[in-house]
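In what follows, a single structure is set out as structure tokens and then discussed.
The values are calculated or read from the model by the stated rules, or taken from the named source; none is laboratory data. Everything numeric in this text was worked out from a predicted model, so none of it was measured. All Cβ positions, even for glycine, are placed from backbone atoms using ideal geometry, and neighbour counts span all protein chains on display. These area figures cover heavy atoms from the full protein model, side chains too; ligands, DNA and RNA do not enter into them. Shrake-Rupley method; radii C 1.70, N 1.55, O 1.52, S 1.80 Å.
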Amino acid sequence: MAEAIQLELVSPEKELASRLVKQVVVPGTEGEFQVMPDHAPVLTTLKPGVLAITEISGAETRFFVRGGYAEVANNQLIVLAERAIPLEQLSAAEIDREIRWAQEDLEDARDEEERRKLSERLDFLIQLKQALQLGH
Amino acid sequence: MPSLKDLRNRINSVKATQKITKAMQMVAAAKLRRAQEAAEAARPYSVRMNAVIAKLAANLKDQEGVSPFLKGTGRDDVHLLVVCTAERGLCGAFNANIAKLAASEIDRLKAAGKTVKVLCVGRKGFDLLKRTYGDLMIDDPVDLKQVKRIRFEHAHEIADRLIRMFDEGAFDVCTLFYSEFRSVISQKPRMLQLIPAKLEDLETEEGEQAPVQSNAAEGPPAAYTYEPDEKEILNDLLPRNVSVQVFRALLENAASEQGARMTAMDNATRNAGEMIRTLTLSYNRQRQAQITKELIEIISGAEAL
């Protein structure tokens, strides 16, 4: 059994991470899931959320990611995110903007299912904001 | 014949110009390096995006319900040309080359009886095209003058606008014009069909970028779990791909612009040097001629006594 997985975290502006890690929690559209070595192949789109990486050393690195997809295959996890920022660098203004967008999306939502998903997303962002403010 | 004073002024003015072109060349060289780095940093993303879309699209191409971003509207009547150029001049034929390619495409489409709409990104292309095709412009050019470093948001804004227009049915086919950065001395104007996404293009590009592909191809063909289903993922990714392509075009353009400016300013500096040499030569000749003339006048005056 493989000990580690190769993580590739790429945003349009640069490659943020390309290294071996122990495990990663990915915020998929249909729910968060944990990727460990020898994970079954998956291809999913992302929702705005936190990508939590457990390094080989056991330390944890977290990124805020939005918009894109994650692909798991052959012990390799590729995450393509339109926006990916280390959580420490995420500013309040940035989250406020995300929240505003989520609200706008929610207003535009067409059916019940979509509305439910989007309001969950909005709740998550608001919680994230509160969590970060506590941390500061 | 210009007087000595005229020549001296001329030499000074050419020297001043040379200083400016030299400085511009150095600034362009520094900016070029940054632009090139940005273009390279963006490459993995677009390569991977292409790979995944090509993979998904290959399975789904003929199915119902696939996003029109891949299949098109089924018509081919209204074309939108997005012409990306620089905001500034003094970069050789860079802007003119892109505009020329766009103009020939406009003429071709018009001759074929299509409706053509043009959206310019960057002031210079707008200026070049508005005289002949002003009536085709759907809006003022997208202004990137204040933008020092192109970020994904800028591309996203443009792409968003295109997607909105497409949803409203404002056009059937969208083509992007930009300049491909080959090297400092070679930039090639290119056109790229954005909507519907052209897959042949994607596949050949993948071929060039083999390393990423071969990585995935090592293992047995994996049976993926798709979340949500394949079609939804594809339909989610296709509009995103528009932003990615626009972003790539803008970055390539930025690098090309600086490359073109560097070459143009290098030439200008060299030409100015050449000019200073010839002007100095004729200045010295004339000065000597004048001294000789004065001497002759003095001597012949003395002899006459």
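I'd like the antiparallel share, as a percent to the nearest 5, of DSSP beta bridges with both residues in chain B. Roughly 40 percent of the beta bridges in chain B run antiparallel, per DSSP. Peptide A:12-21 has a mean of 4 when you count, residue by residue, the C-beta atoms of other protein chains within 10 Å of its C-beta. Residues B:Lys117, A:Lys22, B:Lys293, ordered by accessible area of protein heavy atoms at a 1.4 angstrom probe radius and largest first, appear as B:Lys293, A:Lys22, B:Lys117. Working from the Cα coordinates of the protein assembly as shown, the gyration tensor eigenvalues give, after taking √(5λ), semi-axes of 56, 27, 20 Å in decreasing order.
For the residues of B:4-16, the average number of beta carbons from a partner chain within 10 Å of their own beta carbon is 0. Which of rounded, prolate, oblate describes region B:45-106, given a ≥ b ≥ c as roots of the alpha-carbon gyration tensor eigenvalues and a/c under 1.5 marking rounded, otherwise prolate only if a/b is larger than b/c? The shape class here is oblate. With runs of 4+ DSSP H residues as the only contributors, calculate the mean residue ellipticity of chain B at 222 nm using -39,500 (n - 2.57) per run, divided by the residue total and rounded to the nearest 500. Rounded to the nearest 500, it is -23000 deg cm²/dmol. Note on B:Arg182/B:Leu90: beta-carbon distance plugged into 1/(1 + (r/R0)^6) with R0 of 35 Å gives a FRET efficiency of 0.95. Picking from A:Leu87, A:Leu77, A:Leu51, whose Cα lies most toward the positive end of the charge dipole for region A:5-87 (charges on Cβ: Lys, Arg +1; Asp, Glu -1)? With unit charges placed on the Cβ atoms, the residue in question is A:Leu87.
I'd like the trypsin sites (Lys or Arg not before Pro) in region A:32-111 restricted to DSSP loop residues with at most 14 other Cβ atoms within 10 Å, sorted by number. Within region A:32-111, the qualifying trypsin sites (Lys or Arg not before Pro) (loop, at most 14 other Cβ atoms within 10 Å) are A:Arg110.
Only one residue of B:Thr280, B:Gly89, B:Ala30 has its Cα farthest out toward the positive end of the dipole of chain B, where Lys and Arg carry +1 and Asp and Glu -1 on Cβ, and that residue is B:Thr280.
Calculated on C-alpha atoms, the gyration radius of region A:5-87 divided by its Kirkwood radius gives an Rg/Rh of 0.91. Reducing region B:44-118 and region A:31-74 to their Cα centroids gives an inter-centroid distance of 33 Å.
Under the simplified labelling scheme, the A:Asp38-A:Ala4 pair shows an inter-label distance of 1.9 nm, with each label point 7 Å from Cα along Cα→Cβ. Annotation: aspartates and glutamates with alpha-carbon distance below 18 angstrom to A:Lys117 (same-chain offsets under eight excluded): A:Glu30, A:Glu32, A:Glu98, A:Glu104, A:Asp105, A:Glu107, A:Asp108, B:Glu227, B:Asp229, B:Glu232, B:Asp236.
Does anyone have the angle between helix B:199-208 and the longest principal axis of chain B? Alpha-carbon axes, 0 to 90°, nearest 10? The answer is roughly 70 degrees. For B:Lys110, a cut-off of 17 angstrom between C-alpha atoms picks up these lysines, skipping any fewer than 8 places away in its own chain: B:Lys100, B:Lys130. Spacing of the modelled spin labels on B:Asp127 and A:Ser119, each 7 Å from Cα toward Cβ, amounts to 5.4 nm.
Each pair of Cα atoms in region A:91-135 enters the Kirkwood radius, and Stokes-Einstein at 37 °C and 0.692 mPa s then converts it into a translational diffusion coefficient of 305 µm²/s. Taking every protein chain into account, the accessible area of the protein assembly as shown amounts to 52 square angstrom per residue (probe 1.4 Å).
Calculate the FRET efficiency for A:Gln103 and B:Gln286 from the Cβ-Cβ distance with a Förster distance of 45 Å, rounded to the nearest 0.05. After rounding to 0.05, the efficiency reads 0.05. Dipole size of region A:91-135 about its Cα centre, with +1 on Lys/Arg Cβ and -1 on Asp/Glu Cβ: approximately 220 debye, rounded to the nearest 20.
Summarise the accessible area of the protein assembly as shown (1.4 Å probe, protein heavy atoms) by the percent that is carbon and sulfur. In the protein assembly as shown, the share of accessible area belonging to carbon and sulfur is 51 percent. Evaluating kT/(6 pi eta Rh) at 37 °C and 0.692 mPa s, with the Kirkwood radius of chain B over Cα pairs in the Stokes-Einstein relation, gives 144 µm² s⁻¹.
Annotation: lysines with alpha-carbon distance below 17 angstrom to A:Lys129 (same-chain offsets under eight excluded): A:Lys47. The C-alpha atoms of chain B define a longest principal axis, and helix B:123-133 lies at about 80 degrees to it. Its residues counted as N, region A:41-136 yields a C-alpha radius of gyration over 2.2 N^0.38 Å of 1.18.
Taken about its Cα centre, chain B carries a charge dipole of about 2000 debye when Lys and Arg each add +1 at the Cβ and Asp and Glu each add -1 at the Cβ.
Taking the DSSP beta bridges with both ends in the protein assembly as shown, the antiparallel portion is around 65 percent. May I ask which residue of A:Thr29, B:Ser67, B:Ala42 lies farthest towards the positive end of the charge dipole of the protein assembly as shown, with charges of +1 (Lys, Arg) and -1 (Asp, Glu) on Cβ and the Cα centre as origin? Toward the positive end, the furthest listed residue is B:Ala42.
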